[in-house]
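Participant: For reference, the structure I am asking about is given below.
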Amino acid sequence: MSSESRSVNPSHPAAQRLRIVLVGTQHPGNMGSAARAMKTMGLARLVLVAPERRPNEESYALAAGADDVLGDALICETLADAVADCRLVLGCTARSRRVQLEELLPRDAAARSVTEAAAGAEVALVFGRERTGLTNDELQLCHASVHIPANPDYSSLNLAAAVQVLSYELRLALLDASSGDAMDAAGERRDPPASHAEMEGFFAQLAQTLDAIDFHKGRAPESAMRKLRRLYLRAGLDAREVRILRGILADAQRMAMLAGSKR
């Protein structure tokens with residue numbers, strides 16, 4: 001098949017919903033190199049979270065023609081802001097950390113990302129700082145982690161090189177994807193997937209409700225909440241399902257208040 005007939009450009013519907021997020025980037029040149037890696041694979045949405053320095057001449061020099069990707073990059077103060085509207089957030093990390101997340105290989109991560117994007121969801125692939133990667137708090141905002149299986153004897157991978165690996169896998173997945181409307185198993189149109197912000201609002205209300213009904217009974221709540229987060233994120237809730245669950249939680253909170261007032 002010719003390269004022309006297998007092309008994917010930034011106007012591809014699924015590609016438009018895929019974003020590369022760089023957190024706390026320390027070297028401006030890496031932003032430009034990442035933009036170049038993205039553009040070669042037909043990706044255009046770059047988000048910079050609290051970079052140590054803004055893109056500069058070095059950044060644009062290393063972008064090598066991907067000035068539009070770099071120039072259009074959105075700059076956010078926090079990772080939560082950068083992924084608030086996302087249905088799927090994947091954190092690229094080389095380390096095993098205390099935050100227990102499902103671990104995906106780049107090809108599997110790309111396939112899942114494109115499937116979600118083709119169904120109308122916003123998707124973010126998140127890369128951390130050059131020296132220290134993503135913090136545990138930042139990984140807590142992710143649905144799964146992505147690990148590039150590099151040579152264990154020399155696993156150090158440049159930030160832009162990691163972006164290139166994931167961008168390449170995304171391109172392969174895009175080439176094989178269809179961009180039809182999201183349907184459920186019965187062939188009916190689904191409600192829009194719950195956004196990252198909607199899920200975080202649900203988790204906050206869930207934590208408050210569990211406290212109100214004394215679910216933890218003196219035990220530390222962190223372990224239970226981590227398990228519940230994984231359970232609900234694995235379920236892939238849509239926006240309507242989140243509203244139903246939050247309605248149930250609101251009633252539970254109201255009943256807890258009534259019980260407390262009677263006591």
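Participant: For the range 15-176, what relative contact order do you get, as a whole percent, if you take Cα pairs closer than 8 Å and at least 6 residues apart?
Facilitator: Taking the mean separation of contacting Cα pairs over the length of the range 15-176, I get 31 percent.
Participant: May I ask which residue of F215, A239, A259 lies farthest towards the positive end of the charge dipole of the range 196-262, with charges of +1 (Lys, Arg) and -1 (Asp, Glu) on Cβ and the Cα centre as origin?
Facilitator: The residue sitting most towards the positive pole is F215.
Participant: Just in the range 54-132: which trypsin sites (Lys or Arg not before Pro) are loop by DSSP and have at most 16 other Cβ atoms within 10 Å?
Facilitator: R95, R97, R98, R131
Participant: Sort M225, M255, M38 so that the residue with the fewest other Cβ atoms within 10 Å of its own Cβ comes first and the one with the most comes last.
Facilitator: By the 10 Å Cβ count, ascending: M255, M225, M38.
Participant: Can you give the net charge of the other residues whose Cβ lies under 11 Å from the Cβ of A15, counting K and R as +1 and D and E as -1?
Facilitator: Computed value for this residue: +4.
Participant: Using helices alone, what [θ] at 222 nm do you get for the chain, with -39,500 (n - 2.57) per DSSP H run of 4 or more residues, divided over all residues and rounded to the nearest 500? Could the numbers behind the result be given before it?
Facilitator: On the way: 10 runs with 120 residues, N = 263.
So the helix-based figure for the chain works out to -14000 deg cm²/dmol.
Participant: Separate question: Relative to the Cα centre, what is the charge dipole magnitude of the range 29-81, using +1 at the beta carbon of each Lys and Arg, -1 at the beta carbon of each Asp and Glu, and rounding to the nearest 20 debye?
Facilitator: Taking the Cα centre of the range 29-81 as origin, the dipole is about 180 debye.
Participant: Any idea what the relative contact order of the range 196-262 is, in percent, if you count C-alpha pairs under 8 Å spaced at least 6 apart?
Facilitator: For the range 196-262, the relative contact order is 58 percent.
Participant: Within the set of other residues whose C-beta is less than 10 Å from the C-beta of G65, count the net charge using Lys and Arg as +1 and Asp and Glu as -1.
Facilitator: On the way: positive: R36, K39; negative: D67, D68.
Neighbour charge sum, excluding G65 itself: 0.
Participant: For E222 and A250 in one chain, what is 0.36 nm times their gap in residues minus the Cα-Cα distance, to one decimal in nm?
Facilitator: 7.9 nm
Participant: Ok, one more. With the crude spin-label approximation of a point 7 Å out along Cα→Cβ, what separation in nm comes out for I213 versus L105?
Facilitator: 4.2 nm
Participant: Output the antiparallel fraction of DSSP beta bridges having both residues in the chain, as a percent to the nearest 5.
Facilitator: Of all bridge pairs located within the chain, approximately 10 percent are antiparallel.
Participant: Next up: With +1 assigned to the C-beta of every Lys and Arg and -1 to the C-beta of every Asp and Glu, and no other charges, what is the dipole magnitude of the chain about the Cα centre in debye, to the nearest 20?
Facilitator: Roughly 880 debye for the chain.
Participant: OK, next. How many angstrom separate the Cα center of the range 80-147 from the Cα center of the range 21-61?
Facilitator: After rounding, the separation between the Cα centres reads 18 Å.
Read-outs: derived from the displayed coordinates by stated rules, not from any lab. Given the structure is predicted, the values throughout are model-derived calculations rather than measurements. When we count neighbours, we look across all protein chains shown, and the Cβ atoms used for this are built from the backbone with ideal geometry, even at glycine.
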